[in-house]
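For reference, the structure is listed below as structure tokens.
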Amino acid sequence: MINFWNRLFDLLDPERKGPLCWHYGWKGIVFLAVGTYALYRWYVGPHHCPLAGVFWLLTIGIHEAGHPVFSFLSGGNFQFTIWGGTVMELGVPLLAFGYFLHKGKEIQADVCLILLGIACYSVGHYAGCSLDPVITLLNAGPETLPDWDYLHRWLGTEGYEWHVRHGFYWLSAFLSTLGVYLFAAHFAAWNNPDKHDYTKDSDFHDRFFTKG
């Protein structure tokens with residue numbers, strides 16, 4: 001089993017710089033837990049940042065492109081066309097994350113992890129669109145139904161829209177927090193080429209992002 005995981009890491013993360021190879025320490029774990037919970041509460045709370053719409057635009061274009069791409073690849077199959085938006089929205093940042101991680105470009109991989117978190121929020125928003133009195137659909141006509149009206153039916157999750165939405169919200173909050181933490185940690189390591197051991201120092205900021 002150990003050899004299997006080593007071969008998998010050799011394929012996906014040969015430089016061992018990914019999130020599964022970082023020793024977070026107690027401060028990192030506390031940061032991830034508190035950050036995830038705070039971000040989730042912000043998602044479901046009454047106040048939203050004006051930048052949320054900008055973040056949403058980062059992924060919705062990929063989502064909309066997924067429909068014609070999957071329609072073309074499937075020869076116009078309706079189910080594939082509907083699935084294409086969500087698959088592309090989640091798949092593009094996930095594949096980009098894997099690509100940069102394989103190349104040992106951890107900073108770029110961290111940014112893709114944040115974008116994947118944003119995509120999860122967008123998917124969660126639309127997965128629970130039946131819970132909202134008003135929903136905005138792009139490229140929609142008067143008879144157009146939201147993608148997730150079909151997806152819930154196909155997945156057997158009708159009646160569980162709230163659970164699916166908040167599951168994606170929790171995943172989004174965790175991935176976004178993890179991406180921010182790793183970006184800061186890798187940036188701090190990038191600015192420490194002499195590998196100074198900050199764990200022997202008393203400066204809290206210096207010690208926060210070190211492994212251990």
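What the table shows:
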item: Residue within the range 131-138 that is part of a helix (DSSP H, G or I), farther than 20 Å from PHE78 by Cβ and modelled with pLDDT under 90 present; result: yes
item: Yes/no for PHE31 being assigned to a helix (DSSP H, G or I) and surrounded by fewer than 16 Cβ atoms within 10 Å (Cβ to Cβ); result: no
item: Where a residue in the range 94-119 is part of a loop (DSSP other than H, G, I, E, B) and its partner, wherever it lies, is surrounded by fewer than 21 Cβ atoms within 10 Å (Cβ to Cβ), with Cβ under 6 Å and at least six apart; result: GLY104/GLU15
item: In the range 89-117, residue nearest to THR36 (Cα to Cα) [restricted to those that are surrounded by fewer than 20 Cβ atoms within 10 Å (Cβ to Cβ) and among the aliphatic types (A, V, I, L, M)]; result: VAL111
item: Residue among THR81, THR59 that alone is touching an Asp or Glu at 6+ places or on another chain (Cβ under 8 Å), hydroxyl-bearing (Ser, Thr, Tyr), part of a helix (DSSP H, G or I) and closer than 30 Å to TRP162 by Cα; result: THR59
item: In the range 145-176, the residues that are in a helix (DSSP H, G or I) and small (Gly, Ala, Ser); result: GLY167, SER172, ALA173, SER176
item: Within the range 45-56, considering residues that are in a helix (DSSP H, G or I) and exposed (fewer than 11 other Cβ atoms within 10 Å of the Cβ), the one modelled with the highest pLDDT; result: VAL54
item: Cross-chain or 6+ apart pairs with Cβ under 6 Å, the range 77-89 first and closer than 11 Å to TRP148 by Cβ, then buried (at least 19 other Cβ atoms within 10 Å of the Cβ); result: ILE82/ASP147; GLY85/HIS63; GLY85/GLY66; GLY85/HIS67; GLY85/ASP147; THR86/VAL123
item: Qualifying residues in the range 11-26 (those that are in a helix (DSSP H, G or I) and not aromatic (Phe, Trp, Tyr)) - the one surrounded by the most Cβ atoms within 10 Å (Cβ to Cβ); result: PRO19
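The values are calculated or read from the model by the stated rules, or taken from the named source; none is laboratory data. A quick note: this is a predicted structure, and the numbers were derived from the prediction, not measured. In this analysis, Cβ positions are derived from the backbone assuming ideal geometry, glycine residues included, and neighbour counts consider all displayed protein chains.
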